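The values are calculated or read from the model by the stated rules, or taken from the named source; none is laboratory data. Everything numeric in this text was worked out from a predicted model, so none of it was measured. Virtual Cβ from ideal backbone geometry, glycine too; neighbours counted across all protein chains shown. We work out accessible area using only protein heavy atoms, side chains counted, and drop any ligands, DNA or RNA first. Shrake-Rupley method; radii C 1.70, N 1.55, O 1.52, S 1.80 Å.
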Amino acid sequence: MNKENKIKLVCVGSVALDTIATPKEKHNDVLGGSASFASAAASFFTNTGMVGTVGTDFPEEYLNLLKHFNINLNGFKKAEGKTFRWSGIYEENMNERHTLSTDLNVFADFSPELPSAYRKSPFLFLANIGPELQLKVLDQMEDLAFCGADTMDLWIDSARDKLEEVISKINLLIVNDAEVKKLTGNSNLIKASKEIIKKGPEYIIVKKGEHGSMLVSNDKIYILPAYPVENVIDPTGAGDAFAGGLLGNLAYKKNITAEHIFSAMGAATIMSSYAIQSFGLNSLQQTNIKAINDRLTHLKDITSLS
Ligand code: AMP
């Protein structure tokens with residue numbers, strides 16, 4: 001059996017060159033994108049295949065960095081044109097962010113063709129990207145056991161119908177508090193989450209930045225604080241690293257329950273704590289499974305996570 005046959009999790013999303021300004025620093029063309037952060041985080045836990053595209057301007061060193069994570073790149077394509085670019089600026093509190101520009105570039109015409117081994121993957125994470133693309137990937141999956149998805153305000157505003165179709169087909173929606181409110185028009189997070197559950201997914205995770213995350217199902221609610229990080233350098237990618245860590249952790253479970261998901265939120269929280277300690281994937285690149293487990297033990301010591 002070749003390595004590709006063992007793909008347990010497929011992540012689809014953006015692979016980006018980000019320009020990011022925090023109150024202290026500004027960096028251009030940092031390796032980012034929802035699929036990059038999610039796949040890198042997931043790769044610590046399971047055999048992960050990444051679906052995405054970049055342009056001919058994508059630096060070789062970034063390709064090597066993705067390879068460093070042992071991500072299967074058979075679903076990753078280089079196309080004629082420019083790489084997806086996103087630019088954002090953070091407020092002083094580092095929790096609020098404003099998008100300055102989004103250039104889809106090669107993603108505007110991307111039509112993913114999944115390698116056959118990816119189609120048989122039991123787990124799928126639809127990271128933030130246009131819902132039409134998410135649907136194209138979803139349609140190609142042949143033996144899906146569990147699908148999580150993320151989105152953002154841009155798609156809620158510009159592609160709501162397609163997004164609702166995605167939401168109707170997934171098991172878990174992972175979004176931030178502002179997105180839940182925007183999706184439903186309801187500012188009570190529990191009520192809003194339950195409204196979304198009626199549209200399809202059994203579970204919603206609401207990410208609340210430094211205030212942690214909340215899992216809502218029809219009959220259960222779990223809350224987990226964030227891992228305490230005092231030196232936040234760049235929060236970009238925290239949500240994607242969270243989701244990748246979560247799905248990667250779940251990928252060996254059968255018959256997923258709310259308890260399994262809450263337990264996996266521990267590892268997810270740890271992966272997001274690494275993402276925010278550097279620009280791009282640098283902190284994730286420097287960690288290892290022992291350091292991740294040490295942080296998880298610490299998180300369990302200071303919370304009710306068991
Ligand atoms: P997060 O901080 O987890 O929300 O993820 C930030 C990452 O999402 C950045 O690296 C961006 O490149 C990427 N991103 C920003 N806007 C979009 C978009 N409209 N579609 C896909 N990816 C995006």
Among all residue pairs at least 6 apart or on different chains, which show Cβ distances below 6 Å where the first residue, located in the stretch 170-190, is of a type outside the set (D, E, K, R) and the second is in a loop (DSSP other than H, G, I, E, B)? 170/201; 171/201; 171/202; 172/201; 173/201; 174/150
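Please list, ordered by residue number, the strands (runs of 3 or more DSSP E) wholly in the stretch 1-101 having 2 or more residues that are away from the ligand (no atom under 12 Å from the Cβ). Lay out the reasoning, then the answer.
Details: elements: 9-12, 16-21, 26-32, 48-54, 76-78, 84-90.
Hits in the stretch 1-101: 9-12, 26-32, 48-54, 76-78.
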Which pairs have Cβ atoms under 6 Å, sit 6 or more apart or on different chains, and link a residue in the stretch 26-51 that is acidic (Asp, Glu) to one that is within 11 Å of the ligand (Cβ to nearest atom)? 29/17
When residue 160 is run through (1) within 15 Å of the ligand (Cβ to nearest atom); (2) more than 20 Å from the chain's Cα centre (by Cα); (3) farther than 24 Å from residue 37 by Cα, the failure sits at (2)
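Okay, residues lined up against (1) out of contact with any helix residue (DSSP H, G or I) (no Cβ under 7 Å at 6 or more places or on another chain); (2) more than 20 Å from residue 250 (Cβ to Cβ); (3) among the aromatic types (Phe, Trp, Tyr):
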{"residue": "20", "(1), (2), (3)": "yes, yes, no"}
{"residue": "23", "(1), (2), (3)": "yes, yes, no"}
{"residue": "40", "(1), (2), (3)": "no, no, no"}
{"residue": "72", "(1), (2), (3)": "no, no, no"}
{"residue": "77", "(1), (2), (3)": "yes, yes, no"}
{"residue": "80", "(1), (2), (3)": "yes, yes, no"}
{"residue": "86", "(1), (2), (3)": "yes, yes, yes"}
For residues that are over 27 Å from residue 18 (Cα atoms) and not hydrophobic (A, V, I, L, M, F, W, C), scanning just the stretch 265-300, find the one that is surrounded by the most Cβ atoms within 10 Å (Cβ to Cβ). 266
Considering only residues of the stretch 108-142 that are open to solvent by 10 Å² or more (accessible area, probe 1.4 Å), in contact (Cβ under 8 Å) with a residue 60 or more places away in the chain and touching a Leu at 6+ places or on another chain (Cβ under 8 Å), which is nearest to the ligand (Cβ to nearest atom)? 141
Tell me which strands (runs of 3 or more DSSP E) are completely within the stretch 191-306 and hold 1 or more residues being within 16 Å of the ligand (Cβ to nearest atom), or say none if there are none. 203-207, 213-216
In the stretch 237-276, which residues are closer than 15 Å to residue 215 by Cα, within 11 Å of the chain's Cα centre (by Cα) and not small (Gly, Ala, Ser)? 242, 246, 247
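Going through the stretch 168-190 one residue at a time, which ones are away from the ligand (no atom under 15 Å from the Cβ) and either out of contact with any strand residue (DSSP E or B) (no Cβ under 6 Å at 6 or more places or on another chain) or farther than 30 Å from residue 114 by Cβ (or both)? Outline the logic, then answer.
As a first pass, look at the stretch 168-190 and keep what is away from the ligand (no atom under 15 Å from the Cβ): 168-172, 181, 183-190.
Correct list: 168, 169, 181, 183, 184, 185, 186, 187, 188, 189, 190.
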Determine if the stretch 216-235 includes at least one residue that is under 30 Å from residue 200 (Cβ atoms), open to solvent by less than 70 Å² (accessible area, probe 1.4 Å) and either among the charged types (D, E, K, R) or under 17 Å from the mean Cα position of the chain (by Cα) (or both). yes
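Would it be correct to say that residue 15 is over 30 Å from residue 290 (Cβ atoms) and buried (at least 16 other Cβ atoms within 10 Å of the Cβ)?
Working: over 30 Å from residue 290 (Cβ atoms): no; buried (at least 16 other Cβ atoms within 10 Å of the Cβ): yes.
Answer is no for this residue.
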In the stretch 134-149, which residues are within 15 Å of the chain's Cα centre (by Cα) and closer than 17 Å to residue 104 by Cβ? 134
